[in-house]
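The values are calculated or read from the model by the stated rules, or taken from the named source; none is laboratory data. What you see is a predicted model, and the numbers here were worked out from it, not measured in a lab. Virtual Cβ from ideal backbone geometry, glycine too; neighbours counted across all protein chains shown.
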Amino acid sequence: MREVTLVGGGLSGALLALMLARRGVKVTVYERRADVRAEQIEEGRSINLALSVRGIHALNRVGLDAEVLARAIPMRGRYIHPVTGSCSLIPYGRTADEVIHSVGRRGLNVQLLDALAREKNATVHFQHRCTNYNLRTQTLTIRDEAAGREVGVEAPVVIGTDGAASAVRLALMQSTRMNYSQEYLDHGYKELTIPPAPDGTFRLEPNALHIWPRGGYMMIALPNLDRSFTCTLFLPHRGEPGFDQFPMPEAVTSFFTRTFPDAVPLIADLPGEFFRNPTGGLVTVRCSPWYSEGRVLLLGDAAHAIVPFFGQGMNCAFEDCEVLADLFDEHGGNWDEVFPRFFASRKPNTDAIAQLALDNFIEMRDTSADPHFALKRQLEHKLEERYPGQFVSKYGMVSFHRTPYRDALERGRVQDRILMDVCARANALAEIDIDAAFARLRAGA
Ligand SMILES: Cc1cc2nc3c(=O)[nH]c(=O)nc-3n(C[C@H](O)[C@H](O)[C@H](O)COP(=O)(O)OP(=O)(O)OC[C@H]3O[C@@H](n4cnc5c(N)ncnc54)[C@H](O)[C@@H]3O)c2cc1C
């Protein structure tokens, strides 16, 4: 029986372990944290996530899609909150099933770990942190956090699914000629909570992703099953406004009252949460190659952490798992064949989604408040309706179709340029010649 050691039992680690165990591989997972199922441990970052087609498709491969979707809240579009004036919903898709889903990170991890626990080939060691990996001796150094001791573990095949600050990646960087870059945004993020109303209902429209776009910064909110919302404020670390500009609680309340007036009465403990909750950083990690022979591979955020503005980090990591499992089947489990092919097939696509996510930050914070953006979305839906199969919007290619991210980036850029130009010359859909717009898209000019 083949054996694989995974470092990291988070979202991608648990899913990959499940896929490999079902293929007869003996899988051992070392996870730094305590078992999320056993105790109410610290949530970590981003308590809810947008799940879309790639993630759902990968979950379907292990029969978990229906179970996960049963605990998810569909979001039909962006609900825009201007500073003054009325709110509006800009639908993501054209049809009822073109939605994305808000899922709780912890609940999803529990569902994956529960499924993994039913696999006799898989063992998960919680509170076991990898502190080093020696490629030459093929040995992991694992610290048993509960016992307070460190042991060496022989691991001929290692997959690092240990997230953006991967210990496996660090060890690879030190022992191979790996190229590496990390690029932080000037912006950070902070989570705040909108609790349910006293009668137990949602305080905002539940089937939407709420956005307060404000030019250089923004806040978003996603619904949770307990009828609360988790808000995420994206603000520069420094400057005016910036996370460093709030010496006193009054400054926070006054900033929110000026910029997010309708959210102020909804957030229960605004200054309290603001000062209590950590400010997270937003980083894009690029490295290459992600493997060394058939011995070690990086997957998910460990290989390609991206900023969260397209809601794709987890979806992309789940797609990684699916691609790796398919290559495993194709090459009879020969890792010397599988790892280089996996890297070659995923790297152009993960570079593309990294760029799409950075581009989408601009779109969300700046242009989603622009009336031309709403018009562009209407035009995209009209084009999809009139030219089914011939036109799919950039958002659709990424979130509702499994178009390779590289193609979505290339085609999406052409679309954005042409459609924004068409919409800048019109005030309403009725003023636009749809066929002429399609002809321009086909010609790419
Ligand atoms: C604010 C924010 C919002 C986001 N929103 C979305 C979204 O809406 N949709 C989406 O698709 N993605 C989203 N993402 C991205 C998503 O969270 C990640 O892409 C996803 O979690 C990657 O999964 P992973 O398993 O590769 O890494 P992780 O989820 O980070 O899991 C890594 C695991 O490895 C463990 N670990 C780490 N180091 C060690 C070690 N040394 N030894 C042993 N174990 C270790 C960790 O404890 C963890 O369990 C968001 C991210 C952020 C920060």
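Taking the criterion of being surrounded by 12 or more Cβ atoms within 10 Å (Cβ to Cβ) and either part of a loop (DSSP other than H, G, I, E, B) or hydroxyl-bearing (Ser, Thr, Tyr) (or both), the residues of the stretch 144-161 that qualify are Glu145, Ala155, Pro156, Val157, Thr161. Highlighted here are the helices (runs of 4 or more DSSP H) found entirely within the stretch 318-424 that include at least 1 residues which are modelled with pLDDT under 95: 335-365, 371-386, 405-424.
For the stretch 274-281, state whether one or more residues are over 26 Å from Arg406 (Cα atoms), hydrophobic (A, V, I, L, M, F, W, C) and surrounded by 15 or more Cβ atoms within 10 Å (Cβ to Cβ). Checking the stretch 274-281: at least one residue is over 26 Å from Arg406 (Cα atoms), hydrophobic (A, V, I, L, M, F, W, C) and surrounded by 15 or more Cβ atoms within 10 Å (Cβ to Cβ).
Given the criteria at pLDDT 95 or above, among the charged types (D, E, K, R) and assigned to a loop (DSSP other than H, G, I, E, B), does Glu191 qualify? The answer is no for Glu191. All told, Asp329 meets the bar of being under 30 Å from Arg23 (Cβ atoms) and acidic (Asp, Glu).
Residues in the stretch 84-123 that are of a type in the set (Val, Ile, Thr) and out of contact with any Phe, Trp or Tyr (no Cβ under 8 Å at 6 or more places or on another chain): 5 in all.
The set of residues in the stretch 154-197 that are over 30 Å from Asn334 (Cβ atoms) and under 18 Å from the mean Cα position of the chain (by Cα) comprises Ala165, Gln182, Glu183, Tyr184, Leu185, His187, Gly188, Tyr189, Lys190, Glu191.
Inclusion of Met218 among residues that are buried (at least 22 other Cβ atoms within 10 Å of the Cβ) and more than 11 Å from the ligand (Cβ to nearest atom) is warranted.
For the stretch 403-445, how many residues meet the condition of being surrounded by 15 or more Cβ atoms within 10 Å (Cβ to Cβ) and within 26 Å of the chain's Cα centre (by Cα)?
So the answer is 11.
The residues in the stretch 74-106 that are β-branched (Val, Ile, Thr), modelled with pLDDT under 95, farther than 19 Å from Pro261 by Cβ and surrounded by 15 or more Cβ atoms within 10 Å (Cβ to Cβ) can be counted, and the count is 1. Residues that are buried (at least 21 other Cβ atoms within 10 Å of the Cβ) and away from the ligand (no atom under 14 Å from the Cβ) within the stretch 324-346 comprise Ala325, Phe328, Trp335, Val338, Phe339, Phe342, listed in sequence order. The residue list Cys321, Cys316, Cys287 contains one member that is outside the structural domain of Gly396 (by TED's automatic domain parsing), within 14 Å of Thr161 (Cβ to Cβ) and more than 8 Å from the ligand (Cβ to nearest atom), which is Cys321.
Exactly one residue out of Val392, Val398 is of a type outside the set (Phe, Trp, Tyr) and in contact with a His (Cβ under 7 Å, 6 or more places away or on another chain): that is Val392. The stretch 1-104 holds strands (runs of 3 or more DSSP E) entirely within its bounds, and those carrying 1 or more residues that are within 12 Å of the ligand (Cβ to nearest atom) and more than 30 Å from Glu145 (Cβ to Cβ) map to 48-51, 73-75, 100-104. When the residues of the stretch 293-307 are narrowed to those that are among the charged types (D, E, K, R) and not in a helix (DSSP H, G or I), which ends up surrounded by the fewest Cβ atoms within 10 Å (Cβ to Cβ)? Among those residues, the one meeting the criterion is Glu293. Scanning the stretch 127-140 for residues that are in a strand (DSSP E or B) and near the ligand (Cβ under 10 Å from one of its atoms) yields His128, Arg129, Cys130, Thr131, Asn132, Tyr133, Leu140.
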